[in-house]
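The values are calculated or read from the model by the stated rules, or taken from the named source; none is laboratory data. This structure is a prediction, so every number in the text was calculated from the model and none was measured. Cβ coordinates were reconstructed from backbone atoms using ideal geometry, including for glycine residues, and neighbour counts include every protein chain displayed. Side chains included, ligands, DNA and RNA excluded: accessible areas come from the protein's heavy atoms. Shrake-Rupley method; radii C 1.70, N 1.55, O 1.52, S 1.80 Å.
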Amino acid sequence: MPRRDDLESILVIGSGPIVIGQACEFDYSGTQAIRVLAEEGYRVVLVNSNPATIMTDPEFADATYVEPITPEVVEAVIAKERPDAVLPTLGGQTALNVTAELGRRGAFERLGVELIGASVEAIEAAENREKFARLMEEAGLGTPSGRYCRSVSEAVAAASEVGYPVMVRPSYILGGGGTGTAADREELEQIVAAGIEASPVGEVLVEESVVGWKEFELEVMRDRNDNGVIVCAIENLDPMGVHTGDSITVAPAMTLSDREYQEMRDEALRILRIIGVETGGSNVQFAVDPETGRRIVIEMNPRVSRSSALASKATGFPIAKIAARLAVGYTLDEVANDITGATPASFEPALDYVVVKVPRFDFAKFPNTPPVLGTMMRSVGEAMAIGRTFPEALQKALRSLETGRAGLNADAGEAALQAMSDEELTAAIGVPTPERIFHVGEALRRGMGVDAVARGSMIDPWFVDQMAEIVEERQALEATGPDGADLRRAKRLGFSDRQLAHLWDVDPTDVRTRRRDGGIETTFKTVDTCAAEFEAQTPYFYGTFEEEDEAPAPGNRTVIVLGSGPNRIGQGIEFDYSCVHAAMALADAGYEPVMVNCNPETVSTDYDTSARLYFEPLTDEDVLAVAAAERPVAVIVQLGGQTPLNLTRALDAAGHPIAGTPPDAIDIAEDRERFSALCRELGVPQPPHGTATSLGEAADVADRVGFPVLVRPSYVLGGRAMRVVYTADELDAYLKDLYGAAAGSEVDLNASPVLIDRFLEAAAEVDVDAVFDGHELLVGGIMEHVEEAGVHSGDSACVVPPHGISEEAQKRILGHTADLARGLGVRGLINIQFAVRGDEVFVLEANPRASRTVPFIAKATGVPLARIATRVMMGDTIDALRGDGLVPASRADGFVAVKEAVLPWNRFPAEEGLLGPEMRATGEVMGIAPDFGTAYAKALLGAGHRIPEGGTVFISLSDRDKEYGVDVARRYVDLGFRVLATGGTAEFLAARGIPAAHVDKVGEGPWDPVRLIEEGKIDMVVNTPRGRRARGDGSLIRRAARKAGIPCVTTVQGGGAVARALQAGREGVTTVQSLQARHP
Amino acid sequence: MSERGLLVLADGTVFGGSSVGADGVASGEVVFTTSMTGYQEVVTDPSYAGQIVTMTAPHIGNYGVAGVDDQSAGPACAGFVVRSMSRRDSSWRSEGSFGAWLRERGVVALSDVDTRRLTRHIRSHGAMPAAIGSGVGEAELVEVAASAPSMAGRDLASGVATREPYEVAAAGASVGHVVAVDLGIKRDILRRLSERGLDVTVVPPGTSAADIVAMRPDGVFVSNGPGDPEPLVGPTETVRGLVGEVPVFGICLGHQVLGLALGARTFKLPFGHHGGNHPVRRMSDGVVEITSQNHGFAVDLWSLAGGEPPQRVGVPGAELLPERVETAFGPVVPTHQNLNDGTLEGLRCVDVAAFSVQYHPEAAPGPNDADHLFDRFAGLIGGGG
Ligand SMILES: Nc1ncnc2c1ncn2[C@@H]1O[C@H](COP(=O)(O)OP(=O)(O)O)[C@@H](O)[C@H]1O
Ligand SMILES: Nc1ncnc2c1ncn2[C@@H]1O[C@H](COP(=O)(O)OP(=O)(O)O)[C@@H](O)[C@H]1O
Ligand SMILES: [Mg+2]
Ligand SMILES: [Mg+2]
């Protein structure tokens, strides 16, 4: 059944902002799908609020709506574009949810559009856990036994039926909140009471807990002819109880016999049929009792998922691409496997390597949350590695994470592990944490034995024994020293040169030389879907240590683009966007782009993006090996965030040309002293600042620059551990805390000196992204932050064009940008953050690289900065590119674009939810409209906020915010809101003629704000933290607001912006326009 | 660490590894299988007789061994090559270590081999004779490899098939009696026949049609087995004598023998089909089954059509097979096609009850997608008699 000709245009729904559990894998899948649909000749319409995605680039879809993914807006887009069909299975849970809601509202019938890929019924059957369990049971498939309960007593009864321990899951809670395991009645009562409270329908599922069982995921595809294939079987190293997204996972499955695997396969295919997934990819999760082999079904997702992206990268089988083809009528056997070019997609990939995925966490940014993993996903990114064996892939994955580790062991990071007592270690292997894998390694090193470690950790003994091989090798290497070592064996077990150097106390380059002398060099193997049975057409490589090297002979137009590694807070999809653009720009200019990256979620690691893809860790050793094989004419290090910048020195030293901005300029920008000297020379003002290497020095610097100060350790991205400090005592305490010293003892800051800046209060912040070619500066735009300086640029909303920055200040901003670009010697991108007070402008930092805002500014203005920058790096001038029509004029078309950050507070309920200089956002959305208010309203909706249309707003402001707050409060009053305020704020407002009733202190009196929030009497909160440490009432109020799900704005500027959004009115939000219509 | 071992191909290519099986030297045709699970089924599959099997899946031995997975009384292949032999296994089913199992049963096996290089070599140069060994010099292995016989023209089936008839009773109530001509039958075939309520009499390959008819079977099954079908003159003769007399069902080598009995020729594939992921289209309704395969030869239906196969372009389609051919037993139609290379995967006689498939519906190892073929056979027996 070939292509459906009865369809002409198809709406694809994206997944919106990057949040934990739903990240850039959906950009990958959406981009693939859109490409395919366009190739098939359909008109493609896209809705996605996330500007950082490749899929929202105007050249992909025919009409791209960067608009909030709400039922109203999607309906408005459908009404405007009148597509024939909607494809909802490529935009994660967001797209499924909005589709289900539109289905309920009858929108599809009303507008005469067909759903393809999944029906509303199939979505319902898979998503509704109760219905799902019933269907499984009817088909004789095992599920955890359990029952839905609406009271504690019901739950107690259910638990005794099922048997302790039990798993409790509140119904209709996003992201597994309120989930927990109860070992006894007491625990159960507690969890259930909280769960019923948390559930919007007052219901919890009490089910058999299978914590400790083995967890598997099967990626399945089915077509309309009922052909089904399993693309990949993934085994979780962390057993049941740790969310698969937070587990280390391995492909293919390692510990299933053929009979068990085939039964699981049969069941997965049956489940797709039962649920009614007609075409496309799905994911089915199973748990297996390691003692008996009993198997139960955990869940199925009737759509492309995070694990489908992983499975696609792990196998070379492009699930999303094929899912899109199946959705428009093709069957699997009608689609060619583009890796072989000669065989159909109706087959199951055979792997001759092992893939390991390791999640990346950012718990350090959430200090009130213990880093214990559970059924609620909290990882913010992942790294994948490919090796010929599990030990090799595991060690590569661990060093891909960029958390300072060089492998499973044998690096500076193991000192802390070695300091643990045996008891501590034994306890640690029993608790799933991001560090557990290293604890397991250390326990094996101490000789605790594979069985004991396996029992203690519930990790399958096979995996533990494979890790034991690594540990034994490490011990052998230690014993022999460099001269007697079997280097080949060590490399084949995944040991990096850095690990060997650490063990032998030599430099990694010595290890490299020794290897080269012994002829032990990286060989590259191809990912070909078929274990070499057929010839591969698509060059997708990984490095290992074997006899045969499959890397092609180097060309003479090769340019390596270094990607940004695993997503983390501060470095995410935005950087992948720039890397992908570089690959496209290079190909257009006749170069052969070669991508190196290790993030399976991204578009950059799609084998279609570049001429060749190397799925490798972004470390000196691995990248140099690729460079040695490819012999590039240039290496692009500017686009992948901080990660490639850290590799510049090694590449430069090995003689590989760095594209654009020279390595030394990068060093100047990163080195505080050198950068300050440059600013002085150029006359660019900086906030007063200094660097300290001891506590005493820190106190002196702080005195000199004047409190408040902003303190941070050097060399961090994303503002980690950055703090605003108001007094000398606070400074002392913070530093001791940060550098881990017991009170009293001397703290050594030498390893990472601390940077101290005068904190500029009440300053506006702006971001500038620009390209400089040595002569001309092309400014992408000046983005004015909504929140003031002190809220990390990644967490602040921002707006273009700026509206609160004076002409004079703007002039200075542009002047300083040009001076710094020239002064640094930038060839390519530069991003600068300025603080602005009146006409005064201070530079906060300059990054000679792509920034987080490059995609946003490109979408706001229509100027493809990353592409232009790539050409400039390769030696073209902006003027020449303009001549070629590659630099469209940025037009002031009267539209306002707002970017809003999306924060992960719902995954970290113990946190306060305050914004500060340390970035915590995981993603962003964009709103575009003719006025700021509407644009901001769109951004808020896109970010998932509910904005009340009226009711009561509760305002509580710190003293310094009160003045500004008057105007904000007045706006709410004008909108018809009733204003409640804390004592001081109410008084201040009342004195300025604003009717504001005051509430009591928390826990005192009838007007307790927390109680009012809980009772639903307050619809919105504007609360700015008071003074130094935000404790007390404020934090209780903010937490109550978050729990009640009402909007809580923590900056006065944000409060004002929301008011303006409300003023703009609701209708504006559903007035939609495509990017293509704006920038034809 | 274990002793160093070598694999030497007839063309002189050498692969190093470490010995993880029995000591000694073995020779055979080196092939690869892409099955990712089921190493024990592979090693005990009689169809691998005379072959050194390379697993492309890197980790082997992970879940140990279990008696129920054996496809015959013991190892059948000549040697075994892997990338990484697990030193520890883990499974609730495991009855022991696979490495120890190999050693105890005298299988020469290598680990730590660059099996991908080996696979690519076989892919581009074809399956070829080779020698494997540990504790011997390269020169000796080169010699052994050079003198190792090729698969073509050898009757390997007699070596692995039963010499005496034996019975396998139906599981549950019997619905019929089947005679299985053993050319190297896998136990899972017998299991699946028995599960369908069939009493099975397994007979040696040399059993004549008359002797079989004398057993008054309701159907005859022709089994899988190793190597080249052409030298199997006796079995071919037997099958020719049975087609039209009783319902006949053949699998793999049995399919090839049926093809020969119908008058077709067979040919050697460059490196065979060995794996668990081969897409096969059922030509009646277009549905694709993912199949388990293990064969080095195939039936050439064009030899009966008196025509030439057309040139292949892109993904193979039905045009690569003749629509229908005439034989002494009436018309024969292709029923299944391999979508990787377009070769014949199944055939059916139109006028008489005889059909066969090139792949393995009994799986073991591999997917169960084609299990229904056993139902079809049982149905023919129940329905026709
Ligand atoms: N009955 C159970 N017992 C123990 N752990 C469970 C149980 N059900 C689910 N889990 C764990 O919780 C995780 C999340 O559950 P899942 O149903 O997959 O929800 P999600 O939609 O968040 O992926 C699983 O990956 C698994 O590790
Ligand atoms: N001197 C300062 N005064 C006020 N706010 C500042 C100052 N320096 C930095 N900030 C705030 O801290 C945030 C992070 O600082 P920045 O130097 O940009 O670090 P990062 O490298 O993490 O982006 C900025 O976006 C800004 O809001
Ligand atoms: Mg799940
Ligand atoms: Mg910054």
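Residue-by-condition table, conditions (1) within 16 Å of ligand 3 (Cβ to nearest atom); (2) in a helix (DSSP H, G or I); (3) in contact with a Leu (Cβ under 6 Å, 6 or more places away or on another chain); (4) without any contact (Cβ under 8 Å) to a residue 60 or more places away in the chain:
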| residue | (1), (2), (3), (4) |
| --- | --- |
| A:661 | no, no, no, no |
| A:665 | no, yes, yes, no |
| A:677 | no, yes, no, yes |
| A:687 | no, no, yes, no |
| A:704 | no, yes, no, yes |
| A:711 | no, no, no, yes |
| A:729 | no, yes, no, yes |
| A:732 | no, yes, no, yes |
| A:737 | no, yes, no, yes |
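Tell me, which residue of region A:195-210 that is more than 14 Å from ligand 1 (Cβ to nearest atom) and not β-branched (Val, Ile, Thr) is nearest to the other protein chains (Cβ to nearest Cβ)? The qualifying residue nearest to the other protein chains (Cβ to nearest Cβ) is A:195.
Filtering region B:224-250 to residues that are among the polar types (S, T, N, Q) and either more than 18 Å from residue B:156 (Cβ to Cβ) or without any contact (Cβ under 8 Å) to a residue 60 or more places away in the chain (or both) leaves B:236, B:238.
Of the residues A:340, A:292, the single one that is away from ligand 2 (no atom under 16 Å from the Cβ), over 21 Å from residue B:341 (Cα atoms) and not charged (D, E, K, R) is A:292.
Looking at this structure, is residue A:268 modelled with pLDDT of 95 or more, away from ligand 3 (no atom under 12 Å from the Cβ) and open to solvent by 10 Å² or more (accessible area, probe 1.4 Å)? No. So for region A:994-1015 (the condition being in contact with a Lys or Arg (Cβ under 7 Å, 6 or more places away or on another chain) and β-branched (Val, Ile, Thr)), does at least one residue qualify? Checking region A:994-1015: at least one residue is in contact with a Lys or Arg (Cβ under 7 Å, 6 or more places away or on another chain) and β-branched (Val, Ile, Thr). Just one residue in the set B:288, B:313 is over 24 Å from residue B:225 (Cα atoms) and buried (at least 19 other Cβ atoms within 10 Å of the Cβ); that residue is B:288.
Within this structure, residue A:256 passes the test of being open to solvent by less than 10 Å² (accessible area, probe 1.4 Å), at the interface with chain B (Cβ under 9 Å from one of its Cβ atoms) and under 19 Å from residue A:393 (Cβ atoms).
The residue list B:337, B:311 contains one member that is at pLDDT below 95, polar (S, T, N, Q) and more than 21 Å from residue B:50 (Cβ to Cβ), which is B:311. Restricting attention to region B:358-385 and to residues that are away from chain A (no Cβ under 14 Å) and under 18 Å from residue A:262 (Cβ atoms), the residue that is most open to solvent (accessible area, probe 1.4 Å) turns out to be B:375. Going by the structure shown, is residue A:291 within 14 Å of chain B (Cβ to nearest Cβ), more than 14 Å from ligand 3 (Cβ to nearest atom) and open to solvent by 10 Å² or more (accessible area, probe 1.4 Å)? It is true that residue A:291 is within 14 Å of chain B (Cβ to nearest Cβ), more than 14 Å from ligand 3 (Cβ to nearest atom) and open to solvent by 10 Å² or more (accessible area, probe 1.4 Å).
Condition (residue is at pLDDT 90 or above, in a loop (DSSP other than H, G, I, E, B) and touching an Asp or Glu at 6+ places or on another chain (Cβ under 8 Å)) applied to region A:927-942: is it met by at least one residue? No: region A:927-942 contains no residue that is at pLDDT 90 or above, in a loop (DSSP other than H, G, I, E, B) and touching an Asp or Glu at 6+ places or on another chain (Cβ under 8 Å). Residues in region A:589-607 that are out of contact with any Lys or Arg (no Cβ under 8 Å at 6 or more places or on another chain) and surrounded by fewer than 24 Cβ atoms within 10 Å (Cβ to Cβ): A:607 only. Within region A:481-534, track down each residue that is open to solvent by less than 30 Å² (accessible area, probe 1.4 Å), assigned to a loop (DSSP other than H, G, I, E, B) and among the aromatic types (Phe, Trp, Tyr). Hit for region A:481-534 is A:495, nothing else.
Selection of helices (runs of 4 or more DSSP H) fully inside region A:1002-1080 by the criterion of at least 1 residues being open to solvent by less than 60 Å² (accessible area, probe 1.4 Å) and among the β-branched types (Val, Ile, Thr) returns A:1009-1014, A:1033-1044, A:1052-1064. Which residue out of A:220, A:242 is under 30 Å from residue A:316 (Cα atoms) and more than 15 Å from ligand 1 (Cβ to nearest atom)? Answer to the selection: A:220. Looking at region A:206-228, is at least one residue touching a residue at least 24 places away in the same chain (Cβ under 8 Å), farther than 29 Å from residue A:250 by Cα and in contact with a Lys or Arg (Cβ under 8 Å, 6 or more places away or on another chain)? For region A:206-228, residues touching a residue at least 24 places away in the same chain (Cβ under 8 Å), farther than 29 Å from residue A:250 by Cα and in contact with a Lys or Arg (Cβ under 8 Å, 6 or more places away or on another chain): present. Would it be correct to say that residue A:912 is modelled with pLDDT of 95 or more, more than 16 Å from ligand 3 (Cβ to nearest atom) and either more than 27 Å from the chain's Cα centre (by Cα) or within 30 Å of residue A:199 (Cα to Cα) (or both)? Considered against the rule, which asks whether it is modelled with pLDDT of 95 or more, more than 16 Å from ligand 3 (Cβ to nearest atom) and either more than 27 Å from the chain's Cα centre (by Cα) or within 30 Å of residue A:199 (Cα to Cα) (or both), residue A:912 comes out as no.
Only one of the numbered conditions (1) surrounded by 15 or more Cβ atoms within 10 Å (Cβ to Cβ); (2) modelled with pLDDT under 95 is violated by residue B:172, and that is (1).
When restricted to residues that are part of a helix (DSSP H, G or I) and over 18 Å from the mean Cα position of the chain (by Cα), region A:383-397 contains 7.
Restricting attention to region B:343-351, does a residue exist that is within 13 Å of another protein chain (Cβ to nearest Cβ), buried (at least 23 other Cβ atoms within 10 Å of the Cβ), in contact with a helix residue (DSSP H, G or I) (Cβ under 8 Å, 6 or more places away or on another chain) and among the aliphatic types (A, V, I, L, M)? So far as region B:343-351 goes, no, none of its residues is within 13 Å of another protein chain (Cβ to nearest Cβ), buried (at least 23 other Cβ atoms within 10 Å of the Cβ), in contact with a helix residue (DSSP H, G or I) (Cβ under 8 Å, 6 or more places away or on another chain) and among the aliphatic types (A, V, I, L, M). Filtering region B:135-152 to residues that are touching an Asp or Glu at 6+ places or on another chain (Cβ under 9 Å) and either within 14 Å of another protein chain (Cβ to nearest Cβ) or over 29 Å from residue B:62 (Cα atoms) (or both) leaves B:145, B:148, B:149, B:150, B:151, B:152.
Scanning region B:277-291 for residues that are of a type in the set (A, V, I, L, M) and facing another protein chain (nearest Cβ under 8 Å), we see that the one that is farthest from residue B:359 (Cα to Cα) is B:287. Scanning region A:471-498 for residues that are more than 13 Å from every other protein chain (Cβ to nearest Cβ) and in contact (Cβ under 8 Å) with a residue 24 or more places away in the chain turns up A:471, A:474, A:475, A:477, A:478, A:482, A:487, A:495, A:496, A:497, A:498.
Could you run through region A:837-859 and say how many residues are farther than 25 Å from residue A:53 by Cα and either among the charged types (D, E, K, R) or within 15 Å of ligand 4 (Cβ to nearest atom) (or both)? So the answer is 7.
Restricting the search to strands (runs of 3 or more DSSP E) fully inside region B:317-368 and requiring at least 1 residues that are of a type in the set (Val, Ile, Thr) gives B:325-327, B:330-338, B:354-357.
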